[in-house]
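A.B. asks: Let me give you the structure first, and then I'll get to my questions.
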Amino acid sequence: MIPQLRLIITAQILLGLLVCPINAQDFLDELPKSRRLNGKQTTEAFGPAGLSAKLSTVTVVSGDKALSLATIIDSDGYCITKASELEENDNFSGIGPSSEEISVSLLGSDKDTDLALLKIDPVVGKPVKWQDSKHYSQGSWVCAMNHQSNALMIGVVSAKSRNIKGRSGVLGVLLDPKDDPEKQGVAIVEFGPNSPAQKEGIIKGDLVIRVEEKEIMSRKDLSEEIKKFAPMDEVKLKILRGEEGIPFSVRLNYMSNVFDMLDRNQKMSGQTSKRKAGFSDVIQHEIPLQPVDMGAPLLNLQGFAIGINIARSDRVTTYALPYKLVQESIAKIQAGLK
Amino acid sequence: MRQILTLFIMFGVFCTNYEKAISSPTKSKLNHPVFQKKFPESPTDLIAIEQQVRSVLENSKKATVCIQGNGSGSGVIISEDGLVLTAGHVSGEPGKELEVLLQDGTKLQGKALGRSSAADSGLIQITKKGKYPFVEVAPPASVFKGDWIYAIGHPGGFDKERGLVLRVGRIIHRSTDTIQTDCKLIGGDSGGPLFDMIGRVVGIHSRVSMKNEQNFHVTVRAFKRDWKRMKEGSIISVDESYAKVERKGGFLGIKRVSHPKGVLVTGVIDNSPAALAKLRAGDIVTHINGVKIESLNLFRYLVNKNGPGDKINLETIKRWEGGNGKIEITLANRNDFIPAKPAPSLKER
């Protein structure tokens, strides 16, 4: 190789190496992960608000399994979380903001808001400071902790605050479409996924002839009776199998647990909260959280909590209960304890 | 090895300058420094983004619609007389009657115009005469990787209590037909608008990715490319519109670039069918078999779908002789002119 050429190439390599490290990421075809909306460099811009989110969030655990996050609401160690995530679990413990091991006791809960009141010991972290609905609207930046990455996640308030109508519990059965008004009972022809009726031993072809005290003559009778019950309620059924009448007691499941697998949008959303309806007021936001992240505070850019995350509804929707509703619910639970 | 490194580095230096040289025209209209930064550095920077979105959001929402007929999707009005940009899989079959809902729930009748099944772009015309709220469409290729954008739409269908749903994010990647962003999308958002920070449409929501924060939008450029034919109600199929046409081996023998009137011949290969038919550099091919040439891809498609010995009819503008010409050309065998060569292996390079 000609010496001059070699020199030029070497010079270029040196020059290149000086320029390269600074702009290395520009060569990539894609925006580096750290600069995306939920990349580290972007979320760090939240500054002190991010720290407040971290310090006021604890993790509720049963055995090795994280169940939910919880919000520290005062300096005596009271916290709130999402009640339905604790169902069918016991022996609660917790992890503090700086990985402290803490004990957690469940004091009470409110069925209307799906909030539960907890007491932690020892007292760790820092209680949240609240702001009401005057301090946000569609487009406001918000942040919350994510359990899996133990990192702050951000997004915006994405839609109008509103009431999310409740959904009753379900048996998880498909009924014979042919109603015979002369004949008593309705035949079960198929079960949905996670059907509580199937779990109790009801089989295809069984006739539902009574729900609690009500005689069932049609599909409409059956659905109207079941609609009176909430998820996790025990319902007494009378089943006719052949000539035999058999009593069953079925604990109704959440509609989401049974029918989400049949819904296209739910299927593309991955895991969502089993209770995601029946809230008298919610803030809707777009922070990409998981069901286990519910119960943590939703903070604005100023570092104030404006609500408590209560349900991951789908891949674009998370609900938080606004401050006012949270306060009323806490007061209600505390009144019940006295 | 050293040479490769040098080339790579030179390319890198070039890229850096290039990026500076063609700084997005959108950015120049945004005063706050955050829009020039690689990432926001403080709450103040984030507030600037929030305020910028707020200043244009209401206008964007007025023009964003829900489209019912092929399931539920979204769209955006871009002219006062009610022309709607949407996704091809939302507008569906050309001519189909669809319902177009404004954000207050007002129901309007719409008719599907054309669509591209390649790019997933689609057009709908609101059929009732009126003056509709509309938004500006950004010029093609006016946004870049890293630019801040926002998405709105009707995820899961129309819900008046909830209203339109906002998502804010950045452009992760951009190609000719597709913009990829970290705005979260779901069924029902399809066809909805992606906006730049000054409220101009830069994309239309098209496909979701397995990853929640990595979704796809059709570019304005893809709309522009097929614009005339979509407005006429044509379906642009995957084959025609883009790249991978299976070559049948027919060979014409011209070098060409795109031209507003068709394809401009820039060179003719010796002894090729084009040379025998006396095509010359400077001529413009306007039609093949009666089809107007609107893009290089269409030209390529119409030639490549023929085998050796097949005849095609060209309409040309003769620059040298003047006037128009119509010629029938019998295609030669591609392999006689361009020997098939093996793909270079990495080692060789």
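A.B. asks: Which FRET efficiency value, to the nearest 0.05, do you get for B:Lys96 and B:Asp270 by plugging their Cβ-Cβ distance into 1/(1 + (r/R0)^6) with R0 = 45 Å?
C.D. replies: 0.30
A.B. asks: For helix B:2-21, what angle does its Cα long axis make with the longest principal axis of chain B, in degrees from 0 to 90 and rounded to 10?
C.D. replies: The angle comes out at about 50 degrees.
A.B. asks: Quick one: which of B:Lys145/B:Lys224; B:Lys111/B:Lys292; A:Lys236/A:Lys274 span more than 28 angstrom between C-alpha atoms?
C.D. replies: Numbers: B:Lys145/B:Lys224 20 Å; B:Lys111/B:Lys292 25 Å; A:Lys236/A:Lys274 23 Å.
In this structure, not one pair exceeds 28 Å between Cα atoms.
A.B. asks: Ok, one more. Normalised by the number of residues in the stretch B:249-337, what is the relative contact order in percent for Cα pairs under 8 Å and 6+ residues apart? Please report the intermediate quantities before stating the final value.
C.D. replies: Values: 201 pairs, mean separation 28.7, N = 89.
Computed over the stretch B:249-337, the figure is 32 percent.
A.B. asks: Right, another one. In chain A, once you exclude exposed GluC sites (Glu not before Pro) (DSSP loop, at most 16 other Cβ within 10 angstrom), what's the longest stretch remaining? All intermediate terms of the calculation are to be shown ahead of the outcome.
C.D. replies: On the way: sites that count: A:Glu30, A:Glu87, A:Glu88, A:Glu100, A:Glu182, A:Glu200, A:Glu212, A:Glu213, A:Glu243.
The longest uninterrupted stretch comes out as A:244-338.
A.B. asks: Rounded to the nearest whole Å³, what is the per residue volume of the convex hull around the Cα atoms of the stretch A:173-253?
C.D. replies: Working: hull volume 6.8 nm³, N = 81.
Output value, Cα hull per residue: 84 Å³.
A.B. asks: Could you work out the Kirkwood radius for chain B, taking every pair of different alpha carbons, averaging 1/r and inverting it, reported in Å?
C.D. replies: Details: mean 1/r = 0.0442 Å⁻¹.
22.6 Å is the Kirkwood radius here.
A.B. asks: Another question, then. Rounded, prolate or oblate, given the Cα gyration tensor of the stretch B:69-208, with a/c below 1.5 counting as rounded?
C.D. replies: Numbers: a/c = 1.55, a/b = 1.41, b/c = 1.10.
Prolate.
A.B. asks: If you don't mind, there's one more thing I want to ask. Which cross-chain or sequence-distant (5 or more) residues have an amide H under 5 Å from the amide H of B:Val65, H modelled 1.01 Å from N in plane?
C.D. replies: For B:Val65, whose amide H was placed from the backbone, the distant partners under 5 Å are B:Gly75, B:Val76, B:Ile77.
A.B. asks: What list of ³J(HN,Hα) values in whole Hz, one per residue of the stretch B:186-201 in order, does the Karplus curve 6.51 cos²θ - 1.76 cosθ + 1.60 (θ = phi - 60°) give from phi, with Gly and Pro shown as x?
C.D. replies: Running phi through 6.51 cos²θ - 1.76 cosθ + 1.60 with θ = phi - 60° gives 8, x, x, 6, 3, x, x, x, 9, 10, 7, 6, 10, x, 9, 5 Hz.
A.B. asks: HN-Hα J couplings of the stretch B:122-132 from phi, Karplus 6.51/-1.76/1.60, θ = phi - 60°, integer Hz, Gly and Pro as x?
C.D. replies: Per-residue couplings from phi come out as x, 10, 9, 10, 6, 7, 6, 5, x, 10, 9 Hz.
A.B. asks: Another question, if that's okay. Round to a whole angstrom and tell me the spacing of the C-alpha centers of the stretch B:45-84 and the stretch A:257-310.
C.D. replies: Between the Cα centres of the stretch B:45-84 and the stretch A:257-310 lies a distance of 24 Å.
A.B. asks: Right, next: For the pair A:Asn150 and A:Lys129, what calculated FRET efficiency results from E = 1/(1 + (r/R0)^6), where r is the Cβ-Cβ distance and R0 = 22 Å, to the nearest 0.05? Could the numbers behind the result be given before it?
C.D. replies: Values: r = 22 Å, r/R0 = 1.01.
Computed FRET efficiency for A:Lys129 and A:Asn150: 0.50.
A.B. asks: Sticking with this structure for a sec: What angle do you read, to the nearest 10 degrees and between 0 and 90, between the alpha-carbon axis of helix A:323-337 and the longest principal axis of chain A?
C.D. replies: For A:323-337 against chain A, the angle is about 50 degrees.
A.B. asks: Compute the FRET efficiency between A:Asp29 and A:Leu51 as 1/(1 + (r/R0)^6), taking r as their Cβ-Cβ distance and R0 = 35 Å, and round to the nearest 0.05.
C.D. replies: Numbers: r = 34 Å, r/R0 = 0.98.
After rounding to 0.05, the efficiency reads 0.55.
A.B. asks: Something else about it: A:Ser161: net charge of surrounding residues, Cβ under 15 Å, Lys/Arg +1, Asp/Glu -1, itself excluded?
C.D. replies: Working: positive: A:Lys134, A:Lys160, A:Arg162, A:Lys165, A:Lys324, B:Lys160, B:Arg162; negative: A:Asp132, A:Asp281, A:Glu286, B:Asp159, B:Glu161.
Within the 15 Å Cβ shell, the charges total +2.
A.B. asks: Convert each backbone phi in the stretch A:290-302 into a coupling constant with the Karplus relation 6.51 cos²θ - 1.76 cosθ + 1.60 (shift: θ = phi - 60°), then list the ³J(HN,Hα) values in order as whole Hz, x for Gly and Pro.
C.D. replies: Values per residue, Gly and Pro as x: 10, x, 5, 7, 6, x, 7, x, 9, 10, 8, 5, 7 Hz.
A.B. asks: Starting from the Cα-Cα distance between A:Ser137 and A:Ser280, subtract it from 0.36 nm times their residue separation and give me the gain in nm to one decimal.
C.D. replies: On the way: separation 143, 0.36 × 143 = 51.48 nm, distance 1.79 nm.
Residue separation times 0.36 nm, minus the Cα-Cα distance, leaves 49.7 nm.
A.B. asks: For helix B:43-63, report the angle its Cα long axis makes with the longest principal axis of the Cα atoms of chain B; keep it between 0 and 90° and round to the nearest 10°.
C.D. replies: The angle comes out near 80 degrees.
A.B. asks: Which whole-number percent gives the relative contact order of chain B, counting Cα pairs below 8 Å spaced six or more residues apart? Present the calculation step by step, with values, prior to reporting the outcome.
C.D. replies: Details: 822 pairs, mean separation 44.5, N = 349.
Dividing the mean separation by the residue count of chain B yields 13 percent.
A.B. asks: Between B:Leu296 and A:Asp76, what is the label-point separation in nm under the 7 Å Cα-to-beta-carbon projection?
C.D. replies: Each label point lies 7 Å from its Cα, and together they span 7.5 nm.
A.B. asks: Across peptide A:299-307, what mean number of C-beta atoms from other chains lies inside 10 Å of a residue's C-beta?
C.D. replies: On the way: counts 0, 0, 5, 2, 1, 0, 0, 0, 0.
Across A:299-307, the average partner-chain Cβ count within 10 Å equals 1.
A.B. asks: Next question, about the same structure. Quick check: residue separation of B:Lys231 and B:Lys311 times 0.36 nm, minus the Cα distance between them. What number comes out in nm?
C.D. replies: On the way: separation 80, 0.36 × 80 = 28.80 nm, distance 3.05 nm.
Full-extension gain reported as 25.8 nm.
A.B. asks: Using amide H atoms built in the peptide plane, which far-off residues or other-chain residues are under 5 Å from B:His287 H to H?
C.D. replies: Residues meeting the amide H criterion: B:Ile293, B:Glu315.
A.B. asks: Let me ask you something else. Quick one: net charge of A:Lys82's neighbours, Cβ under 12 Å, K/R +1, D/E -1?
C.D. replies: Details: positive: A:Lys274, A:Arg275, A:Lys276, A:Arg312; negative: A:Glu85, A:Glu87, A:Asp110, A:Asp114, A:Asp293.
Neighbourhood net charge equals -1.
A.B. asks: Just want to confirm a number: the relative contact order over chain A, from Cα pairs under 8 angstrom separated by 6+ residues, in percent. All intermediate terms of the calculation are to be shown ahead of the outcome.
C.D. replies: Numbers: 755 pairs, mean separation 63.8, N = 338.
The value is 19 percent.
A.B. asks: Kindly provide the helix-only [θ] at 222 nm of chain B, computed as the sum of -39,500 (n - 2.57) over DSSP H runs of four or more divided by all residues, to the nearest 500 deg cm²/dmol?
C.D. replies: Values: 10 runs with 81 residues, N = 349.
One gets -6500 deg cm²/dmol as the mean residue ellipticity at 222 nm.
A.B. asks: Within the stretch A:201-235, name every residue whose backbone N is under 12 Å away from a label modeled 7 Å from Cα of A:Arg241 along the Cβ vector.
C.D. replies: A:201-207
A.B. asks: Across the protein assembly as shown, how large is the tail of the calculated P(r) beyond 39 Å, expressed as a percent of all Cα pairs? Can you show the working numbers first?
C.D. replies: Working: 117037 of 235641 pairs.
For the protein assembly as shown, the share of Cα pairs beyond 39 Å comes to 50 percent.
Read-outs: derived from the displayed coordinates by stated rules, not from any lab. Please read all numbers here as calculations on a predicted model, not as lab measurements. Neighbour counts are summed over all protein chains in view; Cβ atoms, including those assigned to glycine, are modelled from backbone coordinates with ideal geometry.
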